[in-house]
1. Relative contact order for the stretch 6-148 using alpha-carbon pairs under 8 Å, separation at least 6, rounded to a whole percent?
2. Report the chymotrypsin sites (Phe, Trp or Tyr not before Pro) located in the stretch 42-126 that are in a DSSP loop and have at most 11 other Cβ atoms inside 10 Å of their Cβ, or state none.
3. Would you be so kind as to identify which of Ala104, Leu71, Ile91 lies farthest towards the positive end of the dipole of the stretch 61-113, taking Lys and Arg as +1 and Asp and Glu as -1 on Cβ and the Cα centre as origin?
4. At what distance in nm do the modelled label points of Ile138 and Thr52 sit from each other, each positioned 7 Å from its Cα along Cα→Cβ?
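Since every read-out is calculated from the coordinates, none of them should be taken as a lab result. On a predicted model such as this, the values are computed, not experimentally measured, just so you know. FYI the Cβ positions are ideal-geometry reconstructions off the backbone, even for glycines, and counts take in every protein chain you see.
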Amino acid sequence: MHPDGAGFAYIKNGKAEVVKGLMDFDSFYTKYTRALKRFPNSVYLIHFRTGTGGTITPENTHPFYIPKGALIHNGVMFTPSDKTGRSDTAILSETIGAKLKTPADWAINRFKFGDYVGTHNKFCLLFDDGKFLIINEIAGNWEDNVWYSNTYGWRGNTFNRVGTRGMN
């Protein structure tokens, strides 16, 4: 697990549920395995944070809620200039979530958004209907029906993954 916290999202009763602010592996593992037992058929977004902008706090761990779902991000988009300590992803999820309010909005704009943030930034979104969308998917890796957003430190780690039911 990366040193700056973790979180995950899954579908609970028809809505994306976010569990974040888990600052040690034992906390993460306990909550994740509990959710996995209760909702084994859900797609899961899992994120281990290495802080690159914003303060190292539970609030800056991913995922972040967006309208009708949740979002995780790997990369650096910008260095936040506000004094709130929020990360680039916290700011972006609020800003872009105000414009892209539905899964269809994200799907229609995914390539334009991917071009805008650059291929070094990867996003995965989980929507309330259980479908997911990966932005800049080509920059990650699929292995055994699991998509990984990076190639460093992931081999053999069964927790940093996304399921296989995506959007068409």
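1. 25
2. Phe78
3. Toward the positive end, the furthest listed residue is Ala104.
4. Roughly 1.9 nm, to one decimal.
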